[in-house]
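The values are calculated or read from the model by the stated rules, or taken from the named source; none is laboratory data. None of these values were measured; they are calculated from a predicted model. Cβ atoms come from the backbone with ideal geometry, glycine included; neighbour counts cover every protein chain shown.
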Amino acid sequence: MMTSECIASRRKFLKTSMLGGAAATAAWRIPSARAAATAAASTAPAAKSDLPTRVAIAAGDDRANIAFKSLEPFKKEIAAAIGNKRVILKPNNVIVNVPLCASHADNLEGILEFLKSIGKTNVVIAESPANGSCMESFSNYGYNKFVDKYGVKLLNIDEDKFNVVYCVDEKDFQPKACRMSNMMTDPNNFIISAAKLKTHDLVGITLSLKNIVVGSPIKDQNGARGARNDKRLTHGSGAHGISYNLFALSARYHPDLAVIDGYEGMEGTGPVHGTPILQKVCVASLDWLAADRVGAELMGVDFNKIGYLKYCADAGDRGQGDLSKIEIVGPAIKDYAKTYQLPRNWDQIQNWQKPTMIA
C-alpha cells in the first residue's frame, strides 16, 4: 500500500513537472547554433535555410592552440550568441587531485584567448567537483593564474542559488528532489562546456553534455558525515536511471558551446581511474549533441550504444545526432580516430537497452 508520504511526494512531483515543463517551454535557453540558424534563415533564401550542423576539429602539438583553432570557424556566431551575457566556463574536474580526470589548464587558456580575441572578457570559471572544494581543484590544476591574466572570476557552484528538479531512481521509481544550480539555466549566462574525451564506468563515455548536467547539482559544503550530495541523484542507481535522467535534464541543462579536449583523453575505467591516450585533437561546436556525436566517433565508440546520447538524438529537439548531417570543419574524423579501451563493465552499462523488472 502506498503511504501518504509517498502519495504527497508523487503529487508534488507531478505538480512540479507540469510547472517545470511550462517554464522550460517559455524560458528554454535555445542552443546558440539554432538561434544563429534562425537568424540566418530570416534573411537567406529558403533553399539555404536547412544548413548542416558544423563541428570543427583541430589537431596539433599545442593544446592551447588547437582549442583556439577549433573555435575560430565560429567566431562571428559565438560573438553574436554571447552578446552582453556573462560567460560561464565549466571545466570537467571530477575530483580535486587527479589531473588526468580534469580539464587541462592549457585547454582553458586556449578558450580564454579566443574569448579575449572576440572582446568577451566577462568570464567566470565555475565548478562543483564530486569531492572536495572547487577552489582546491582550481589551485591543483593551475587555474588561479587566469584571474590576473584574463580577469576571470573563480566561482563555486555549490554556493550558488538553486532550483529543485526531480530525478528518477530506478530502484523504486520514486521522484527524488535534486538541487540544481541556477547559474546553468540563467538566460543571462552563456555556458561553455570545457569537457574531455573520456570513458565512463556508468554510461560508457562522458563528453560536453554530462559535464554540465552532473556539474549542476549542489552538494553541501561542510563535508561532514551525512552531508548531502545531490549529484548522486542524477545517477539514478543504475544504467536505466542515469540514462533517462541525463536525457530529461538535458532539455534545460546543456552547454551553449561545446569544446571537447582530446589532446590526451582517458580510456578504460573512466572518468577518474582510466589511463591516458594521446590523440592531439580538439572538437568544438555550437551544437553540443553534434559535438558529442563527433567525440564518440573519435573515440571509436558506437554512438547508438550510449543510452543518454541516443535518447537525445531520437528526441529530435536537442541538436543534431545524425553524422550524415554534420559538416566537419578541419581534418576528417578518420584521420584522428582511435579505438578507446572501454570500461570493464561495458556489458553492464548496456543494460539501459533491456527492460527493467520490478519485483
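So which residues in the stretch 302-354 are of a type in the set (A, V, I, L, M, F, W, C), part of a loop (DSSP other than H, G, I, E, B) and surrounded by fewer than 22 Cβ atoms within 10 Å (Cβ to Cβ), if there are any at all?
332, 337
Among the residues in the stretch 242-260, are any surrounded by fewer than 22 Cβ atoms within 10 Å (Cβ to Cβ), in a loop (DSSP other than H, G, I, E, B) and polar (S, T, N, Q)?
no
When you scan the stretch 31-72, how many residues do you find that are at pLDDT 95 or above and either under 21 Å from the mean Cα position of the chain (by Cα) or not in a helix (DSSP H, G or I) (or both)?
19
Could we say that residue 216 is of a type in the set (Gly, Ala, Ser) and surrounded by 23 or more Cβ atoms within 10 Å (Cβ to Cβ) here?
Spelling it out, residue 216 is indeed of a type in the set (Gly, Ala, Ser) and surrounded by 23 or more Cβ atoms within 10 Å (Cβ to Cβ).
Answer yes or no as to whether residue 281 is modelled with pLDDT of 95 or more, touching a Phe, Trp or Tyr at 6+ places or on another chain (Cβ under 6 Å), outside any loop (DSSP other than H, G, I, E, B) and of a type in the set (A, V, I, L, M, F, W, C).
yes
Would you check if there is a residue in the stretch 108-117 being among the small types (Gly, Ala, Ser), touching a residue at least 12 places away in the same chain (Cβ under 8 Å) and buried (at least 16 other Cβ atoms within 10 Å of the Cβ)?
Yes, there is a match, as at least one residue in the stretch 108-117 is among the small types (Gly, Ala, Ser), touching a residue at least 12 places away in the same chain (Cβ under 8 Å) and buried (at least 16 other Cβ atoms within 10 Å of the Cβ).
Going by the conditions given, is residue 291 under 24 Å from residue 345 (Cβ atoms) and within 19 Å of the chain's Cα centre (by Cα)?
Spelling it out, it is not the case that residue 291 is under 24 Å from residue 345 (Cβ atoms) and within 19 Å of the chain's Cα centre (by Cα).
If we only count strands (runs of 3 or more DSSP E) wholly inside the stretch 139-207, which ones have 3 or more residues that are in contact (Cβ under 8 Å) with a residue 24 or more places away in the chain and over 20 Å from residue 217 (Cα atoms)?
The strands (runs of 3 or more DSSP E) meeting that bar are 189-200.
Name the pairs: first residue in the stretch 254-277 and more than 21 Å from residue 81 (Cβ to Cβ), second residue assigned to a loop (DSSP other than H, G, I, E, B) and among the charged types (D, E, K, R), Cβ to Cβ under 7 Å, at least 6 apart or on different chains?
From the stretch 254-277, the pairs are 269/201; 269/344; 270/201; 277/338.
Would you point out which residue out of 146, 162 is surrounded by 20 or more Cβ atoms within 10 Å (Cβ to Cβ), of a type in the set (Phe, Trp, Tyr) and modelled with pLDDT of 95 or more?
Only one candidate qualifies: 146.
It is to be established whether one or more residues within the stretch 208-223 are assigned to a loop (DSSP other than H, G, I, E, B), within 15 Å of the chain's Cα centre (by Cα) and within 16 Å of residue 131 (Cα to Cα).
For the stretch 208-223, residues assigned to a loop (DSSP other than H, G, I, E, B), within 15 Å of the chain's Cα centre (by Cα) and within 16 Å of residue 131 (Cα to Cα): present.
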